[in-house]
Each structure stands twice: as structure tokens, then as C-alpha cells.
Amino acid sequence: MSNAENAVVKVKKVKKESELSYWGSVFFRFRKKKMSMFCLILMTLIVLGCIFVPIISPHTITSTNVANMNQPPSMTHILGTDELGRDLFIRFFHGGRISLGIALVVVVIECVIGVILGCIAGFYGKLIDTIIMRICEILMSFPFIMFCITVVGIFGNSIPILIFVLVFLGWAGIARIVRGQILSLRELEYMEACEALGISDIKRIFKHLLPNVLAYVIVFATLGMASVILVETALSFLGLGVAPPTPTWGNMIQPANQFIVLSTRWWIWVPPGVGIFLSVMCFNIVGDGLRDAIDPKMKR
Amino acid sequence: MNENLNNDLNNVDDVDIGAMMVPESGMPAVGQKKEDILLDVKGLKTFFHTDNGTVRAVNDVDFYVRKGETLGLVGESGCGKSISSMSITRIVETPPGKYEGGEITFDGKTLLRINENERYLLPEKDMRSIRGNDISFIFQEPMTSLNPVFKISKQISEPMMLHRGMTKKEAHEESIRLLDLVRIPNPERIVDEYPFSLSGGMRQRVMIAMALACEPKLLIADEPTTALDVTVQAQVLELMNDLKSRINASIIFITHDLGVIAEMCDRVVVMYAGKVVESSPIEELFESPQHPYTQGLIASKPDMATTEKRLHVIPGNVPDLTELPGGCPFHPRCYKVTERCKQEYPPTHKITDEHIVSCWEYNGSGISSEGGEEA
Amino acid sequence: MRTYIIRRLLQIIPVFLGITVILFLIIELSPGDASTNFIDPRMRPEQRAEIARRFGLEEPAFNRYFIWLGNTLRGDLGMSMRYQRPVTEILAPMIPTTLTLALLAFLFSVIIGIPAGIISATRQYSLADNSLTVFSLIGISLPSFFFGLILLRIFAIQMQWFPLFGIRNPLYAPPNALAGAMHMLHHLVLPMIVLGMGGTATFMRYTRSSMLEVIRSDYIRTARAKGLSEKVVIYRHALRNGLIPIITLFGFWIPSLMGGAVITESIFGIPGLGRTAIDAVNFRDFPIIMAVNSMLAFLTLLGALISDLLYAAADPRIKYD
């Protein structure tokens with residue numbers, strides 16, 4: 001009996017879902033997954049921490065204090081201090097700012113370039129499509145990490161160069177997805193109807209095709225955040241990304257290359273590693289959750 | 001009372017089925033010797049527990065199949081015909097599916113008995129020796145029902161090597177013979193092909209050959225022609241009709257097409273929303289359908305003989321099985337609906353030994369098809 | 001089939017040339033090269049010209065690209081600016097080390113990842129499935145260098161089960177070849193796990209979703225209806241189909257392994273291609289940089305071709321001609 005009642009209650013909920021708008025129903029399905037919601041909240045907390053902790057903290061990232069170096073965590077220095085006596089708690093959040101900030105900038109530029117070129121390739125086809133797709137193919141055949149190391153190594157460690165090289169290799173992925181979507185959407189009847197009504201190309205792209213593609217771009221961007229964070233921190237760890245003294249979660253782990261830090265001073269290298277891990281995991285899970293919510297056919 | 005009956009079933013082998021009938025189940029098996037009955041399904045319940053609620057796909061279904069008989073299971077899609085048949089050999093995916101009740105006896109063996117007191121399922125190992133051997137299936141989708149990465153010979157050979165202990169070579173030769181039996185041209189060549197190189201009709205013939213491989217006692221054909229072109233459909237039906245006389249097996253023929261039923265079957269069970277609404281020999285069903293749903297089905301069948309220009313349509317849609325309407329599930333679409341239909345599920349009336357109907361409107365002399373609004 | 005392979009190999013050529021041109025351009029645009037390391041501000045112009053000649057820098061860039069290309073095709077990768085030795089001679093001993101590491105990591109991923117994915121799919125939503133899913137999420141989210149450091153901290157420093165550094169102890173003289181190999185394997189256990197972790201998680205996720213899809217397909221129902229045991233249904237009928245996308249992934253996985261090797265080798269101090277390349281970048285030793293980059297690009301392209309061929313081998317429906 002309670003089973004039957006349960007069924008009725010659940011059915012009512014489903015009924016409600018069908019009344020929601022497209023994005024409303026996406027969020028409805030997303031919310032049903034506890035893991036995705038938990039990660040969304042955790043992600044928000046990490047981002048808020050990275051924005052606000054450096055503003056309100058009494059310490060600064062550069063204030064060194066030789067008398068106070070290599071201190072384990074304490075009340076004054078929540079995550080201890082490093083070999084120059086700098087407060088690691090504030091450096092943790094500042095490093096997060098840089099790591100997440102770089103990832104955000106890279107992903108946004110990638111998406112803008114990728115969507116524009118993908119739309120052009122998919123919509124106009126023919127020669128321009130061939131050229132753009134050939135370029136994508138070349139870029140996707142690059143040895144990714146090695147090429148980043150080469151470029152950053154040659155031009156020197158700077159954030160703009162790092163962003164440039166990640167975008168340079170990264171836009172091809174989203175361009176191909178957008179092109180594929182456009183190609184399949186173009187075949188649908190309503191685009192033919194638009195054509196018959198004499199709606200201009202630009203208007204057709206922006207009013208009718210883009211909103212359909214947007215869902216895929218959002219999923220790509222979320223998962224892209226995770227992979228860019230991983231690459232940036234790895235490069236910075238190798239000393240070929242963001243250079244000290246600017247902290248990122250990657251170069252904050254670098255001291256662990258010294259035996260003494262690795263074996264006895266965990267507070268120096270573990271927190272930034274955990275920071276990378278948690279934020280990457282959150283973006284991955286939220287991205288997966290969004291993909292399932294946007295395209296329910298994919299799951300089950 | 002129930003317990004006694006179960007004991008009877010456990011202990012007595014050669015007893016009249018009629019004598020053991022549970023009154024409320026309404027099985028019209030009086031006078032039927034047990035030996036005549038190959039498959040007996042009583043009170044079968046198969047539910048699916050999903051996120052969106054419990055789907056009562058098969059909800060208290062009774063039917064039986066005699067030896068050598070062809071039984072038609074008819075109803076709209078989603079009425080539980082396929083799940084009923086798949087429940088017999090337990091190839092419903094569990095979870096989300098679950099066998100919630102009922103009793104299935106096949107060839108003297110109890111395959112399943114679930115009630116408040118016990119939950120008996122024939123051990124998986126014994127069940128496997130029945131599947132593909134005593135009971136085999138022909139499925140609806142020939143395009144996807146064959147494994148795309150194995151050659152035809154391997155797929156037909158598998159059950160023979162498993163159940164009949166044939167060697168690979170013997171099974172291969174037998175496969176060729178079976179392909180020839182289902183009238184596939186060049187069987188020696190086709191046997192070494194992969195399914196993707198065959199057309200839908202050819203693949204369905206392969207499925208039939210595979211189902212016949214172990215000379216089953218019961219063949220369950222689940223909409224075997226639905227996915228095929230009309231001309232191919234006719235060929236496959238003809239083939240099956242032809243084979244029917246040769247293999248001497250009972251057949252359960254599942255379809256939503258009454259025309260096919262008329263051509264193939266001896267007896268028909270009409271299902272609606274997980275329930276049996278009417279069951280009758282074929283001529284009787286077409287001559288005097290009792291349930292308003294059956295009447296609707298027959299009336300909506302295109303008929304060359306009539307002069308009417310428009311096809312009859314049963315109003316409304318198949319209900320969502322997670323939220324069945326109360327009472328008789330057909331009441332929202334029924335032209336003879338009464339207040340009572342909305343409250344209670346109707347009892348099962350026996351019109352003749354073979355003909356039963358579940359409807360409140362049945363009054364012992366048949367439901368007139370010209371009935372009006374009463375309530 | 002053969003014509004298809006030849007056609008694909010021909011298609012690789014323009015992509016490969018495109019990559020090398022871009023690499024060459026970037027190196028040309030760079031401020032300074034290895035020769036700057038040898039140039040003293042007090043040097044006279046003749047001496048500078050002499051150094052430029054020695055490094056083959058006197059020709060214009062356009063010509064130098066074709067000289068490089070011609071030499072590379074003949075198997076001559078040029079002279080290392082830093083070591084003043086042929087690049088081939090420097091890289092030759094590195095390649096087996098990196099390939100061994102990559103192969104070990106790949107086998108590790110396949111042997112752990114695919115069975116885990118099958119278990120997950122056949123027991124969907126069970127405790128085993130849920131924990132394996134969590135593990136795979138950790139696997140794709142944990143940065144490999146951080147994971148490597150954790151393993152070093154626990155198993156090399158704390159437990160002292162594995163060595164901290166390198167691929168062999170210079171003080172250890174193995175009595176025979178087998179002992180030597182075991183000695184090297186012992187050094188490679190932690191690097192293998194670190195490099196294989198991403199692949200393990202990825203293969204597991206792909207196997208799980210692919211198997212879930214296959215298990216629900218009509219032909220698996222047919223296989224069950226034949227009376228086959230669940231083992232045969234899963235491990236013969238379903239797996240044979242479910243592995244098709246995974247096998248296709250193998251070729252595409254080569255570049256990931258190579259990229260990961262760069263990071264893994266630098267954490268564990270393994271003298272392989274990756275670490276040599278990082279050293280070369282730091283020293284602006286362009287011939288080595290060009291050689292390693294082109295080699296990895298070629299492997300990437302080859303991986304895509306291998307994937308196509310594996311796909312055709314695994315799926316009878318795919319025919320190339």
C-alpha cells in the first residue's frame with residue numbers, strides 16, 4: 001500500500017517536471033543527484049574562499065618572517081608557514097585564485113573561439129569547413145603536455161603565455177562538438193522552415209542554433225575547467241607554468257621535490273594538492289551531472 | 001484454504017486441474033486433464049520498481065497453453081504481453097523487474113510459485129536447461145536480436161551444443177539444415193556470414209531457425225513480424241504456419257494485430273493494462289466478443305468486406321502503468337462505463353468452458369455491443 | 001585493407017608537416033637559443049659567427065626548416081647544442097626506458113580498469129559498483145604529480161618498500177639479467193601506478209558505460225533466452241561487444257601515456273624521454289626539443305591509425321577499403 005502511495009507521490013513530481021521550461025527541467029534532474037548537488041555546493045565554497053579569504057585575512061602572501069619559517073599549523077597560521085615564513089593559509093587561497101582564475105579565462109576564451117569557428121564550419125560547410133577541421137585535426141594531434149612545456153620553456157614562465165598555449169591547443173575540441181551539433185541541427189525541419197521564411201544567416205545562427213548548442217558548451221566548459229586545472233598545476237609544478245613568488249596550487253607543491261619537505265613538512269605540500277583534487281573532482285562530477293541532466297538518454 | 005491448495009499442488013500429480021482451481025482466479029480449465037496442458041500460468045504478477053513509481057506490467061494474469069496448440073496473446077503495446085511471456089522463463093531484467101506473485105507450471109514442473117507464504121523459483125540451473133531447449137523465443141526486433149559480432153553458425157549452434165551435446169561440427173551442419181528449413185537460400189554460405197549482411201526478413205528466419213534448433217515444446221513468438229515489411233511479414237507468417245504443422249510444438253503468438261491472430265491461432269487471450277480481460281477460442285472471439293475492449297479491437301480491424309469508410313477507433317490512450325485508474329483499468333475508454341467500473345475491478349465470468357471475460361456488464365447472456373450509457 | 005592503411009599513412013603526412021612547421025616557427029620566434037649559452041658578450045663578431053656556424057644557424061629560417069626535415073627523414077636528428085653529440089645517440093637509450101614505463105602503465109590500466117568496469121556494470125548500484133565508481137572519480141581527479149608524491153611519502157619514505165629515485169641503484173651489480181630486470185621493475189612499480197592511474201580510471205568508466213549499454217541490448221536477451229549461463233552471456237556475448245569502444249580507445253591513449261610520462265619521469269627521477277625533454281627545454285637545446293616533439297606527434301598520429309585498425313579488427317561490421 002505504501003508502495004502505491006509512494007508511486008503516486010513520485011508520479012506527481014514527474015508531472016511537475018514536464019511543466020518546467022528546458023533549463024528548469026535540466027536543473028530539476030540535476031538536483032535529484034545528491035552527489036552533483038554536494039559537489040556544486042563544495043565548488044561554490046572553494047570559489048568563495050578563494051575570492052574572500054585573501055581580502056579579509058590579516059596576513060599577506062608576500063610578508064616573509066624568517067623567525068617564523070617552516071612552522072606547522074597553529075592558531076595564528078592555520079596551515080603553518082613555508083621556508084620563508086609566509087602564511088600558507090592565505091597562500092592556499094591565493095594559489096586557488098590563480099589556478100581557478102587561469103582555468104576560467106582559458107575555458108572562456110576556448111569556448112568563444114571554438115563556438116565561433118565551429119558555427120562557421122558547421123554552417124557554411126564546404127572549403128571553410130575543410131580548412132577549420134584540418135586545423136583542428138593538426139591541433140588535436142599535438143603532443144599536448146610536451147608542447148606546453150616547450151612553449152612555456154622557450155618563452156618564459158608567464159601567465160599570459162600559459163593561457164595562450166592552453167587556448168591554442170584547447171579550442172579545437174569544442175569547435176568540433178559545436179560543428180557536429182550544428183550539422184545535425186541543420187538537418188532538422190525547423191531550420192528549413194527558417195530558410196523558407198527568408199531569415200538571415202546570422203539571425204538563424206544566433207537565434208535558433210546557438211541555444212541548442214549552449215547545453216553542450218556548458219558541459220564542455222565544466223569538464224574543461226577540470227582538465228585545465230590539472231594541466232596548469234602540473235606545468236607549474238614542473239616549474240614551467242606560473243613562476244614563484246606568484247602562488248598557484250601547482251608551484252606550491254614544488255618544495256616537495258626536496259626530501260626534507262616531502263618527509264617532514266606535510267603542511268607545505270598536502271593542502272594545495274587536496275585543493276587541486278577537490279576542485280577537479282567537483283568540476284568533473286558537476287559536469288557529468290549536467291550532461292546526464294541535459295541528455296537523459298545518456299544515462300540508464 | 002490457500003495453504004491446502006498449495007499442498008495439493010505439491011503432492012498430487014495426476015489430478016484434475018479443474019478440481020484445484022482457485023475460485024477467484026476463474027481459470028476455465030474444467031474438464032482439462034493435466035496432461036493436455038503444457039503451460040499453466042496463474043495469478044502472475046511482474047512489477048517494475050523504477051524511480052518514477054511501480055509499473056504493474058503484469059498484474060494477476062492467468063492463461064494456459066495446451067500441447068500442440070497456438071495461443072494468441074493480443075493487446076496494445078505496453079499491455080504486458082511481452083513481459084508475461086518473458087516471465088515464464090524468467091528473462092525479465094531484474095532489477096528493475098520483480099516477480100511479485102503467481103504460479104507457473106510447465107510440463108509438470110513448477111517454474112515459479114510466489115504467494116504470501118513462499119517464494120519458490122525453479123533453480124537457475126534447471127531454468128537454464130529449459131530456456132532455449134524446451135521453451136524458445138523469437139523476438140520482435142530481428143535487426144538487434146542477433147549478436148552483431150558472431151557468425152550466424154555460432155549463434156544457431158550455441159543452443160544445440162549446450163542442450164543437445166553436439167560437437168561444433170555437428171552443430172554447424174545442423175545449422176545449415178535449419179537454415180534450409182526456414183528457406184534461406186544458400187545456407188552453406190549464409191551460415192558463415194555476420195548478421196549485418198542479412199536483411200530484416202532473413203535475420204528473422206535465422207531467429208526462427210535458432211528457436212527451432214532444440215525442437216522446443218513451446219515456442220514463444222513475440223511480435224515476430226511487426227518490424228518487417230508487409231510482404232516479408234506474409235512470408236514469415238506463412239513459414240511459421242508451415243513449420244507449425246511440422247514441429248508439433250505449442251506456440252504462444254504475441255501480437256497487437258488481430259489479423260495475424262486470426263491466421264495463426266487456436267485460442268486468444270486479450271490483455272489490457274497488465275490484466276487478462278477476455279480469453280476465448282478464436283471463432284467465438286470474432287463472432288461474439290464480450291469485453292468492450294475486445295469489441296473495440298475487432299471493430300478497429302480494417303475489413304475488406306465492410307462498406308464503412310472510416311475505421312473504428314477506441315478513444316483515449318493506454319494508461320500509464322504507474323498510475324492505473326481505479327476499478328477496471330479500461331473504464332476511462334469504455335463506452336459502457338458505470339460508476340461501479342470506477343470503483344471495483346470486475347469479477348471473471350465464465351461464458352463457456354473456454355470463454356471467460358472480466359467485465360461488470362456481463363450478465364450471463366452476453367454484453368450487447370449496442371449498450372448505452374447507464375450511469 | 002592495405003590500401004586503406006596506405007591512404008591513412010599518406011593522410012598523416014600533411015598533419016605531421018603542419019605540426020613540425022608550427023614547432024619550428026615557435027622556436028624561431030623564441031628569444032635566444034642554446035648558442036646564447038656559449039656566447040660571451042665580450043666575444044668578437046667573428047667568434048659569434050663561428051658559433052652560429054657550428055650550430056647551423058647561419059642559414060635563413062626557411063631553408064633551415066627544409067634542411068632539418070631532410071635530415072630527419074634520413075634519420076639524422078641533428079646535433080644536441082648542449083652535449084655536442086648527435087640527438088639520436090642521446091635519445092636512443094631513453095626510448096626503451098620510457099616505452100617500458102608506458103607499457104607497464106598501460107598493462108596496469110587494462111588489467112585493473114577493464115575487470116573493474118565489468119564488475120561495476122554487472123552489479124549496477126551495488127556496493128562494489130558504488131565504491132569502484134568513487135575510485136574511478138578519484139582516479140581521474142587526482143593530479144598525477146600529487147599522487148606520485150603521496151606514494152613516495154608513504155611507500156618509499158615511510159614503509160621503505162620501494163626506492164625513492166631512478167631506475168637502478170648504481171651500487172648494485174645484478175648477478176644475472178633476470179635479477180637486473182627485477183631490480184629495474186622494483187624501481188618502476190610506483191611510477192607505473194602513477195602513470196597508469198588515469199588510464200585505469202578512464203578504462204573503467206568507459207567499460208562500465210559500454211557494458212551497461214550492451215547488457216540491455218536485445219541480443220543479450222536472446223543469449224539469455226537460449227539458456228546460456230550468465231558467465232557465458234556476460235563474458236562471451238556482452239564483453240565481445242562491450243570492449244569494442246575500449247579497444248578503439250587504446251590507440252588514442254598513446255599520447256596521454258607519453259604526456260603523463262613526462263610528469264612521472266620528472267617526479268621519480270627516471271632518465272627517460274620526458275625528463276630529457278624538460279632538461280632540453282630548460283637549456284633551449286632545440287634539436288632535442290624538435291626531435292622529442294616530432295616523435296610524440298608521430299606517435300599520436302600513429303595511435304589514431306592503430307585505433308582505426310583495432311576497431312576494424314574488433315567489429316566485423318567495420319570494413320575499410
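Derivation of every value follows stated rules applied to the coordinates shown; laboratory data play no part. This is a predicted model, so every value here is computed, not measured. Using ideal geometry, Cβ is built from the backbone for each residue, glycine included, and neighbour counts are taken over all protein chains shown.
Please compute the contact order of chain C in relative form: average sequence separation of alpha-carbon pairs under 8 Å and at least six residues apart, divided by the residue count, as a percent. List each step's numbers first, then the result.
Numbers: 343 pairs, mean separation 83.1, N = 321.
Once normalised by length, the contact order is 26 percent.
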**Message:** Using alpha carbons only, how many angstrom separate the centre of the stretch A:28-44 from the centre of the stretch C:216-287?
**Reply:** 30
**Request:** Using only Cα atoms, find the angle between the long axis of helix A:34-56 and the longest principal axis of chain A, and express it within 0 to 90 degrees, rounded to the nearest 10.
**Result:** 50
**Request:** With +1 on each Lys and Arg Cβ and -1 on each Asp and Glu Cβ, and nothing else charged, work out how big the dipole of chain C is about its Cα centre, in Debye to the nearest 20.
**Result:** 940
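If you count, for every residue in B:145-158, the Cβ atoms of partner chains within 10 Å of its Cβ, what is the mean? Write out the running numbers ahead of the final one.
On the way: counts 8, 4, 12, 8, 10, 7, 1, 0, 0, 1, 5, 1, 0, 8.
Counting Cβ atoms of other protein chains within 10 Å of each residue's Cβ and averaging gives 5.
What ratio of Cα Rg to 2.2 N^0.38 Å holds for the stretch B:126-171? Walk me through the numbers on the way to the answer.
Numbers: Rg = 11.6 Å, N = 46, 2.2 N^0.38 = 9.4 Å.
Here the Cα radius of gyration is 1.23 times the empirical estimate.
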**Prompt:** Using a Förster distance of 25 Å, how high is the FRET efficiency between C:Phe165 and C:Tyr235, based on the Cβ-Cβ distance and rounded to 0.05?
**Reply:** 0.05
**Radius, Kirkwood style, for the stretch B:143-257 when every pair of distinct Cα atoms is counted (Å)** = 14.3
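Output the Kirkwood hydrodynamic radius of the protein assembly as shown, Cα pairs only, in Å rounded to one decimal.
33.7
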**Request:** Could you give me the percent of Cα pairs per 5 Å distance bin for the stretch C:94-270, shortest bin first, beginning at zero and ending with the bin that holds the maximum distance?
**Result:** 1, 8, 15, 17, 16, 13, 10, 8, 6, 4, 2, 1, 0
**Asked** Which residues' amide hydrogens lie under 5 Å from the amide hydrogen of B:Thr50, considering only partners 5 or more residues apart or on another chain, with H built in the peptide plane?
**Response** B:Val55
**Complete:** Counting only residues 5 or more apart in sequence or on a different chain, those whose built amide H sits under 5 Å from that of B:Glu76 are none
**Asked** Could you give the angle, 0 to 90 degrees to the nearest 10, between helix C:127-141's Cα long axis and the longest principal axis of the Cα atoms of chain C?
**Response** 10
**Asked** Expressed as a whole number of Å, what is the distance separating the alpha-carbon centroids of the stretch B:85-109 and the stretch B:225-257?
**Response** 24
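If we count every other residue with Cβ under 11 angstrom of B:Ser199's Cβ, Lys/Arg +1 and Asp/Glu -1, where does the sum land?
Numbers: positive: B:Arg203, B:Arg205; negative: B:Asp229.
Value of the local net charge: +1.
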**Fill in**
With Cα coordinates, the longest principal axis of chain A makes an angle with the long axis of helix A:2-19, in degrees rounded to 10, of 80
**Request:** With a 4.7 Å Cβ cut-off, tell me which Cys residues in chain A come up empty for a partner.
**Result:** A:Cys50, A:Cys111, A:Cys119, A:Cys136, A:Cys148, A:Cys194
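Other chains near A:130-138: what is the mean number of their Cβ atoms within 10 Å of each residue's Cβ?
Working: counts 0, 0, 0, 0, 3, 1, 0, 6, 10.
Whole-number average of other-chain Cβ neighbours for A:130-138 is 2.
For the stretch B:177-299, with only Lys/Arg (+1) and Asp/Glu (-1) charged at the beta-carbon, what is the dipole magnitude about the Cα centre, in debye rounded to 20? Present the calculation step by step, with values, prior to reporting the outcome.
Numbers: 10 positive and 17 negative charges, 64 e Å.
Roughly 300 debye, rounded to the nearest 20.
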**Complete:** Output for chain C (equivalent-ellipsoid semi-axes, sqrt of 5λ from the C-alpha gyration tensor, Å, descending) is 44, 27, 16
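Could you tell me the relative contact order of chain A? Use alpha-carbon pairs under 8 Å, at least six residues apart, and round to a whole percent.
Working: 372 pairs, mean separation 69.1, N = 300.
Averaging sequence separation for qualifying contacts and normalising by length gives 23 percent for chain A.
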**Message:** Taking just the alpha carbons, could you work out the radius of gyration and Dmax for the stretch C:245-321, both in angstroms?
**Reply:** 15.9, 51
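Dipole magnitude of the protein assembly as shown about its Cα centre, charges +1 at Lys/Arg Cβ and -1 at Asp/Glu Cβ only, in debye to the nearest 20? Show your work: numbers first, answer last.
On the way: 93 positive and 94 negative charges, 747 e Å.
Roughly 3580 debye for the protein assembly as shown.
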**Complete:** With T = 20 °C, eta = 1.002 mPa s and Kirkwood Rh from C-alpha pairs, the Stokes-Einstein D of chain A in µm²/s is about 98
**Message:** Going by amide H atoms built from the backbone, whose H comes under 5 Å of the H on B:Val276, apart from near neighbours?
**Reply:** B:Asp62
